[in-house]
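This report concerns only the one structure given below.
Coordinate-derived values only; no laboratory data. What you see is a predicted model; the values in this text were computed from it and never measured. So basically every Cβ, Gly included, is an ideal-geometry build from the backbone, and we count neighbours across all protein chains shown.
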């Protein structure tokens, strides 16, 4: 008489047999090219049944001479980041029908981004906007490419010079 193996453990949040939801991570900043990256991610999420995630890192202030001033600067930076994420979250929900996942961290953007990608295996794709000017693609894109940073997921670079119509055509 043979024993049947116990049923395989499954993620209770994911119905059996269904693929995992694709998560498109966008790094939020003040640049114009971020808007293109966000538009692309929203379109891909809409067409694939995926979801957008928004990541914002509050960079440490360079001015650190007086503790009281530094605290005020950090509080203002946090309030600005939270407001920006809420505004973008509303736009993402309107575009995709789903609330995005929000990640807010304090620290150097590139370090916090790499840590998040390592910590969150559900993130499927990193979507970055590329600057359209002669100054280069942007500090984060330059860092990832020039340092040959090994990532566990694909990266999509969205040119900042594309129009929304052009992004719609390719997404």
Using only Cα atoms, tell me the angle between helix 32-48 and the longest principal axis of the chain; keep it within 0 to 90° and round to the nearest 10.
10 degrees
Nearest 10 degrees, 0 to 90: helix 67-96 Cα axis against the chain principal axis:
50 degrees
Burial order of peptide ranges 143-155, 103-115, 27-39 (average beta-carbon count within 10 Å, highest first):
27-39, 103-115, 143-155
Compute the long axis of helix 109-119 from its Cα atoms, compare it with the longest principal axis of the Cα atoms of the chain, and write down the angle in degrees, 0 to 90, nearest 10.
10 degrees
Using only the Cα atoms of the stretch 126-171, build the gyration tensor, take square roots of its eigenvalues as a ≥ b ≥ c, and label the shape rounded, prolate or oblate: rounded if a/c is under 1.5, else prolate if a/b is larger than b/c, else oblate.
oblate
Name the shape class, rounded, prolate or oblate, that the alpha-carbon gyration tensor gives for the chain, where a ≥ b ≥ c are the square roots of its eigenvalues, rounded holds for a/c under 1.5, and otherwise prolate holds if a/b is larger than b/c and oblate otherwise.
prolate
If you average the sequence gap of Cα pairs under 8 Å that are 6 or more apart and divide by the length of the chain, what percent do you get for the contact order?
30 percent
At 222 nm, what helix-only mean residue ellipticity would the chain give, in deg cm²/dmol to the nearest 500, using -39500 (n - 2.57) for each DSSP H run of four or more?
-14000 deg cm²/dmol
Mind running the shape call on the stretch 82-125? Use the C-alpha gyration tensor, a ≥ b ≥ c as the square roots of the eigenvalues: rounded below 1.5 for a/c, prolate if a/b tops b/c, oblate otherwise.
oblate
